[in-house]
There are 2 protein chains.
Amino acid sequence: MAKLADLRKKNLELAKKAVRQSVSPDLFIINAANNIDELQKIINTLSKRLREWYSLYFPGLDKKIADHEVFVKLVLKEDKKALQKELKLADEMGFDFEKKDIEPILSMASIIADMGRESKLLEDYLEKTMKSYCPNLATLAGAGIGAKLLCEAGSLKRLAMMRSSTIQLLGAEKALFRHIKTGAKPPKYGYLLQHQLVQRAKPKDRGKAARAVADKIFLAVRVDYFKGKFIADKLLQELEVRFK
Amino acid sequence: MAKLADLRKKNLELAKKAVRQSVSPDLFIINAANNIDELQKIINTLSKRLREWYSLYFPGLDKKIADHEVFVKLVLKEDKKALQKELKLADEMGFDFEKKDIEPILSMASIIADMGRESKLLEDYLEKTMKSYCPNLATLAGAGIGAKLLCEAGSLKRLAMMRSSTIQLLGAEKALFRHIKTGAKPPKYGYLLQHQLVQRAKPKDRGKAARAVADKIFLAVRVDYFKGKFIADKLLQELEVRFK
C-alpha cells in the first residue's frame with residue numbers, strides 16, 4: 001500500500017510538471033488577442049453611452065465627430081465654449097450643466113481614454129510576442145491577422161498542421177457550414193480578407209489573392225514551428241511581384 | 001414669403017428652447033444608472049478574462065478567491081511569492097513568467113480596478129442626485145432600486161402617474177407577459193425583490209411585502225413629483241412596524 005501511495009504521488013508530480021510545461025507563448029498570444037478584442041468592444045459600447053450622455057450638454061459634437069477616439073479626446077480636452085469656437089459649432093439645444101453634473105461624464109470619458117491606451121499597450125505586446133515566437137507568420141500576415149489565425153487554430157503547432165486551404169478559410173466557419181448545409185456559395189476567405197494584398201486586389205481577384213496568401217502563410221507557419229530561418233521577406237516579395 | 005420664413009425661424013427657436021428645457025435630472029439619473037450597469041457587466045467580463053490569463057502564472061489564486069474585486073486587488077498588491085506566503089497556497093502548476101509577460105496582465109488588472117472606482121463614483125453621484133431630486137423615493141426604495149424604477153418608467157412624471165400595482169411589477173415585464181400569454185403564474189415583484197424589507201420577509205410573504213412597499217413608493221413618488229414635504233421616514237417606519 002505504501003508503494004501505491006508513493007506511485008500516486010510521483011504520478012501527480014509528473015502531471016503537474018507537464019501542466020507547468022504546457023504553458024507556451026501560444027497562450028500569451030491568445031490571451032492578449034482576446035483581451036484586445038474585448039477592450040475594443042467595450043470601448044465601442046461605452047463611447048456610445050458617453051455620446052448619449054454628453055449630448056444632453058452639447059448635442060452638436062456627437063453629429064460632427066464620428067470617430068469615437070477623437071470624440072473622447074475632445075470631450076476631455078476642452079469645455080463646451082472652447083469647443084464651439086474651435087469647431088465653429090452653434091449650440092442652441094444643449095442644456096447648461098452644473099459642474100457636479102458634468103463631472104461624472106468627464107470621468108467616464110477619461111476611463112474610455114485609459115482603455116484605449118491599454119488596448120494599444122496590449123497590441124504592442126502582441127506584436128512583440130508574435131515577432132519573437134513566429135516571426136515569419138507575424139511578418140507575412142501581420143501581427144493582428146496572424147494572432148487571429150493562431151487563436152482560431154488553438155496553437156502554432158495546430159496551425160502548422162493545417163492545409164493551406166484550411167488556413168485560407170479560418171474565420172469563415174459560419175459561411176463554410178452554410179455552404180455545406182444549404183449549398184450556398186462557398187466562402188473564399190476568412191480573416192485573410194483583411195490582409196493588405198487581398199484588400200488591394202480587385203473584388204473578383206480576391207479569392208485568388210487569398211489563396212496565394214494562404215499558400216505562403218502555410219509555408220511561413222511551418223518554418224516558424226520548426227524554428228527555421230526568416231523567410232517571410234522573400235515570400236512577401238514573391239506575393240507582391242505576383243499581385244502588383 | 002418673408003413672413004413665412006420669419007415664422008419658420010421663430011418656430012425653430014421655440015422648438016430648440018423646448019428641447020433645451022426638456023433636459024431634467026431624470027436624464028442624469030437614467031444615464032448614470034445605465035452606465036453603472038454597463039460598468040458592472042464590463043468588470044465581470046474583464047475579471048473573468050483576467051482570471052484565465054493570470055491562472056497561467058498562478059492557478060491557485062483563482063480557485064481560492066471567488067470575489068472579483070478582492071482578486072484584482074491581490075493581483076495588483078503583491079507578486080506570486082508574497083501571495084503564496086500570505087494565503088498559504090502552494091504553487092505547483094504555475095509557469096514562471098518573464099517580467100515582460102506579466103506586465104500586460106498587471107495593467108489589465110489596474111484597468112479593472114479603475115473601472116471599479118469609476119463605478120463607485122457614479123454610484124455616489126446617483127445617490128446624491130436622487131436624494132435632491134426625489135428624496136422620498138430615494139429614501140424609501142434606496143437610490144439603486146429607485147433609479148431602476150425611474151429608468152423603467154422613463155421619468156419621475158411617468159412614474160408618478162403609475163398605479164402601485166404597476167410599480168410593484170416594474171422589472172418583471174418578461175414574467176408578466178409570460179403570464180398573460182401562456183397562463184403561467186403571475187409575478188409578484190420586479191425590482192422590488194431587492195428591497196431590504198422584501199428580502200427580509202419569508203419567501204411566502206414576499207408578495208405581500210412587495211405590495212406594501214409598492215403602495216408606499218406610490219405615495220412617495222407622487223409627493224416627490226409635486227414637490228411635497230419629506231415623508232419617507234414616516235412611511236418607512238410604518239412599513240417596518242408592519243413587517244417586524
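The values are calculated or read from the model by the stated rules, or taken from the named source; none is laboratory data. As the structure is a prediction and not an experimental result, all values here were calculated from the model. Here the Cβ positions follow ideal geometry from the backbone for every residue, glycine too, while neighbour counts run over all protein chains shown. All accessible areas refer to the heavy atoms of the entire protein, side chains included, with ligands and DNA or RNA removed. Shrake-Rupley method; radii C 1.70, N 1.55, O 1.52, S 1.80 Å.
Anything over 21 Å Cα to Cα? Flag those among A:LYS99/B:LYS131; A:LYS208/A:LYS244; A:LYS120/B:LYS77; A:LYS88/B:LYS10; A:LYS204/A:LYS234, in the order listed.
On the way: A:LYS99/B:LYS131 17 Å; A:LYS208/A:LYS244 13 Å; A:LYS120/B:LYS77 24 Å; A:LYS88/B:LYS10 23 Å; A:LYS204/A:LYS234 26 Å.
The pairs that break the limit, which is 21 Å between Cα atoms, are A:LYS120/B:LYS77; A:LYS88/B:LYS10; A:LYS204/A:LYS234.
I'd like the Karplus ³J(HN,Hα) series for segment B:199-215: coefficients 6.51, -1.76, 1.60, θ = phi - 60°, whole numbers in Hz, and an x wherever there's a Gly or Pro.
Whole-Hz 3J(HN,Hα) from phi for segment B:199-215: 4, 6, 5, 5, x, 6, 9, 5, x, 4, 4, 4, 5, 5, 4, 4, 4.
Place a point 7 Å from Cα of B:GLN40 in the direction of its Cβ. Which residues in segment B:103-142 have their backbone N less than 16 Å from it?
B:115-127, B:141-142
Mean-square fluctuation check for chain A, GNM, Cα pairs under 10 Å: which of A:LYS174, A:LYS128, A:LYS88 is largest?
Highest fluctuation among the options: A:LYS88.
Through the Karplus equation 6.51 cos²θ - 1.76 cosθ + 1.60, θ set to phi - 60°, convert the phi angles of segment B:43-55 into ³J(HN,Hα) values in whole Hz; use x for Gly and Pro.
My calculation for segment B:43-55 gives 4, 4, 4, 5, 5, 5, 5, 4, 4, 4, 5, 5, 5 Hz in order.
How large is the accessible surface of A:LEU76 in square angstrom, using a 1.4 angstrom probe and rounding to the nearest 10?
Looks like 70 Å² after rounding.
Check which residues have an amide H placed less than 5 Å from B:GLY190's amide H, if you skip close sequence neighbours.
B:LEU170
Please work out the Cα center distance from segment A:151-211 to segment B:151-197, rounded to the nearest Å.
The two parts, judged by their Cα centres, are 49 Å apart.
How far is helix A:143-153 tilted, in degrees, relative to the longest principal axis of the Cα atoms in chain A, given as a value from 0 to 90 rounded to the nearest 10?
The angle comes out near 50 degrees.
Put the label 7 Å from Cα along Cα→Cβ for B:SER132; what are its distances to the other copies, in nanometres, shortest first?
Spelled out, the distances from B:SER132's label point are 5.3 nm.
Is there a quick way to get the dipole size of segment A:73-185? I mean about its Cα centre, with the Cβ of Lys and Arg at +1 and of Asp and Glu at -1; what is the value in debye to the nearest 20?
Numbers: 20 positive and 16 negative charges, 190 e Å.
The dipole magnitude comes to about 920 debye.
Computed over the Cα atoms of the protein assembly as shown, what is the ratio Rg over Rh, Rh following Kirkwood?
A ratio of 1.07.
Between copies, how far does the label point of A:LYS229 sit from its twins, in nm, shortest first, when each point is 7 Å from Cα along Cα→Cβ?
Ordered by increasing distance: 9.3 nm.
Give the average, rounded to an integer, of partner chain Cβ atoms located within 10 angstrom of each Cβ in B:13-21.
Numbers: counts 1, 0, 2, 4, 2, 1, 5, 8, 2.
Per residue, the number of nearby Cβ atoms from other chains is 3 on average.
Placing +1 at every Lys and Arg Cβ and -1 at every Asp and Glu Cβ, with all other atoms neutral, what dipole size does chain A have around its Cα centre, in debye to the nearest 20?
1600
What's the average, rounded to a whole number, of partner chain beta-carbon atoms within 10 Å of each residue's beta-carbon in B:109-119?
Per-residue shielding by partner chains comes out at 3.
Of B:PHE28, B:PHE218, B:PHE226, which has the largest mean-square fluctuation in a 10 Å C-alpha GNM of chain B?
Among B:PHE28, B:PHE218, B:PHE226, the largest GNM mean-square fluctuation belongs to B:PHE226.
Any idea what angle helix A:232-242 forms with the longest principal axis of chain A, computed on alpha-carbon atoms, 0 to 90 degrees, nearest 10?
70
What residue among A:LEU89, A:LEU137, A:LEU126 shows peak mean-square fluctuation when chain A is described by a Gaussian network model with Cα springs under 10 Å?
Highest fluctuation among the options: A:LEU89.
Using only the alpha carbons, work out the radius of gyration and Dmax of chain B in angstrom.
Reported Rg and Dmax, both Å: 24.8, 86.
Taking only DSSP H segments of four or more residues, each worth -39500 (n - 2.57), what value at 222 nm results for chain B once the sum is divided by all its residues, to the nearest 500 deg cm²/dmol?
Dividing the helical sum by the residues of chain B leaves -24000 deg cm²/dmol.
Evaluate the Kirkwood expression for the hydrodynamic radius of segment A:136-244, namely the inverse of the mean inverse distance over all pairs of different C-alpha atoms, and round to one decimal in Å.
Radius from the Kirkwood sum: 13.9 Å.
Karplus couplings for segment A:156-173 from phi (6.51 cos²θ - 1.76 cosθ + 1.60, θ = phi - 60°), rounded to Hz, Gly and Pro as x?
Calculated HN-Hα couplings, in order: 4, 4, 5, 5, 5, 8, 7, 6, 5, 5, 5, 4, 4, 9, 4, x, 10, 4 Hz.
Heavy atoms only, probe 1.4 angstrom, no DNA, RNA or ligands counted: give me B:SER107, B:SER47 ranked by accessible area, highest first.
B:SER107, B:SER47
Hey, if you put +1 on the Cβ of every Lys and Arg and -1 on every Asp and Glu Cβ in chain A, which of A:ILE105, A:LEU87, A:ALA153 ends up farthest toward the positive end of that dipole?
Checking the options against the dipole of chain A, the answer is A:ALA153.
How much solvent-accessible surface does A:THR166 expose, in Å² to the nearest 10, with a 1.4 Å probe and all protein chains in place?
50
For segment B:136-244, give the magnitude of the charge dipole about the Cα centre (Cβ charges: +1 Lys/Arg, -1 Asp/Glu; no others), in debye to the nearest 20.
Using only the charged Cβ atoms, the result is roughly 360 debye.
Tell me the distances, shortest first, between B:LYS208 and the same position across the other copies, using label points 7 Å along Cα→Cβ, in nm to one decimal.
8.1
Regarding segment B:24-133, what whole-number volume in Å³ per residue does the convex hull of its Cα atoms give? Kindly include the intermediate steps, with their values, before the conclusion.
Values: hull volume 10.5 nm³, N = 110.
Considering the Cα atoms of segment B:24-133, their hull volume per residue is 96 Å³.
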